[in-house]
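What follows is a set of notes on a single structure, which appears directly below.
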Amino acid sequence: MTEDTVPSVLLPVQPRPDRGQRTAAGRVLSVLDAFDAEHLELTLSEIGRRSGLTLSTAHRLVGELHDWGALERLPDGRYTVGLRVLELGTLEPQMLQLRDVAPAYLADLQSAVNANVHLSIRAGHDVVYLESLQRPSGAPVLSRLGGRWPLHATATGLVLLAFAPPELVDEVLASPLKRFTTRTITDPEVLRRLLAEVRRTGRSELHEAITRGAFAVGVPVRGPLDRTIAALSLTLKEDGPVTAHQALPALHATAQALSRALGSTSAAGPPPGPRSDSSQAAVRTYLR
């Protein structure tokens with residue numbers, strides 16, 4: 001498991017902090033807010049407990065959200081956030097452009113490197129996967145579109161946090177930082193130094209931070225005004241045939257090409273030609 005999901009059945013379901021008197025809209029939002037990176041799948045009673053709603057109110061609101069597509073009901077009766085919510089989150093013009101442009105670049109990168117590819121954006125203290133491409137022979141991951149994971153424990157999360165506003169960095173580092181393996185970095189000062197290194201080098205690298213036998217490398221994707229709007233990563237096997245040293249040039253080439261397509265002016269090199277003529281050739285050249 002890496003950069004994505006932990007079955008919520010393994011984790012204690014705690015109620016959210018009391019929010020006082022809530023409007024009808026607030027009660028609906030509290031149902032969605034019951035889900036987070038550690039509670040991706042919840043039963044109806046768990047939703048009611050975490051949202052602070054009575055079971056009857058939770059049942060009614062969950063039914064309405066399910067009918068609309070904001071929640072999906074799994075075969076075992078548990079609920080998870082539906083794709084409709086992710087779709088709404090990507091209606092921001094820049095996100096629409098990213099989702100329209102990115103898939104072809106990501107497919108070329110995966111074909112060249114033969115590894116799992118993730119494109120992520122930040123949502124609060126979490127990473128959200130906008131695209132997740134897997135290889136059967138790649139590192140074992142349980143990634144999915146819309147999956148969430150804490151910023152401090154993922155390669156894409158470190159990139160997004162490194163280029164986030166300083167006040168957000170302080171907020172994240174002051175919050176509880178969950179440990180998934182003995183190699184998960186949870187010391188705030190160590191993370192602060194690591195984020196400075198990510199800003200200096202333009203890349204992140206984490207080994208077995210969530211899953212044994214897997215490591216991930218990530219780089220920023222920039223848009224207009226050279227603002228970091230997403231992060232691109234590869235997840236590889238620790239003992240696999242492709243090393244981080246071999247994968248990084250291809251990863252950088254793809255991120256730069258994607259950044260140029262999104263209007264970034266800082267991505268080095270001349271603008272690429274048509275994607276089908278240039279992108280895959282570029283990443284293959286780096287791997288020779």
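Can you confirm whether A209 is open to solvent by less than 20 Å² (accessible area, probe 1.4 Å), of a type in the set (A, V, I, L, M) and part of a strand (DSSP E or B)? So that I can check it myself, show each step before the final result.
Working: open to solvent by less than 20 Å² (accessible area, probe 1.4 Å): yes; of a type in the set (A, V, I, L, M): yes; part of a strand (DSSP E or B): no.
So A209 does not fit the description; no.
When segment 221-233 is examined, which residues are found to be open to solvent by 10 Å² or more (accessible area, probe 1.4 Å), touching a residue at least 60 places away in the same chain (Cβ under 8 Å) and either over 9 Å from S264 (Cα atoms) or among the acidic types (D, E) (or both)?
Within segment 221-233, T228, I229 meet the criteria.
Restricting to segment 70-94, count the residues that are at pLDDT 70 or above and open to solvent by less than 80 Å² (accessible area, probe 1.4 Å).
Looking only at that region, the number is 11.
Could you list all residues from segment 30-83 that are touching a Gly at 6+ places or on another chain (Cβ under 7 Å), within 19 Å of G124 (Cα to Cα), outside any loop (DSSP other than H, G, I, E, B) and free of Cβ contacts under 8 Å to residues at least 40 places away in the same chain?
Result: S30, single match.
Hey, P166 hits all of (1) open to solvent by 20 Å² or more (accessible area, probe 1.4 Å); (2) within 14 Å of G124 (Cα to Cα); (3) touching a helix residue (DSSP H, G or I) at 6+ places or on another chain (Cβ under 6 Å) but one; which does it fall short on?
Only one criterion is unmet by P166, namely (3).
If you check R27 against the conditions, is it assigned to a helix (DSSP H, G or I) and buried (at least 21 other Cβ atoms within 10 Å of the Cβ)?
no
Output the number of residues of segment 132-164 satisfying the condition of being assigned to a loop (DSSP other than H, G, I, E, B) and at pLDDT below 90.
Number of matching residues: 14.
Find all pairs meeting these conditions: Cβ atoms under 8 angstrom apart; at least six residues apart or on different chains; first residue within segment 195-220 and of a type in the set (D, E); second residue surrounded by 15 or more Cβ atoms within 10 Å (Cβ to Cβ) and in a strand (DSSP E or B).
That search, which allows pairs on different chains as well, returns E205/F215; E205/A216; E205/V217; E205/G218; E208/A214; E208/F215.
V190 passes all but one of (1) modelled with pLDDT of 95 or more; (2) open to solvent by less than 50 Å² (accessible area, probe 1.4 Å); which number fails?
Looking at each condition in turn, V190 falls short on (2).
The values are calculated or read from the model by the stated rules, or taken from the named source; none is laboratory data. The shown structure was predicted, so the numbers you read here are calculated from the model rather than taken from an experiment. Cβ atoms come from the backbone with ideal geometry, glycine included; neighbour counts cover every protein chain shown. Heavy atoms of the whole protein, side chains included, go into the accessibility calculation; ligands, DNA and RNA do not. Shrake-Rupley method; radii C 1.70, N 1.55, O 1.52, S 1.80 Å.
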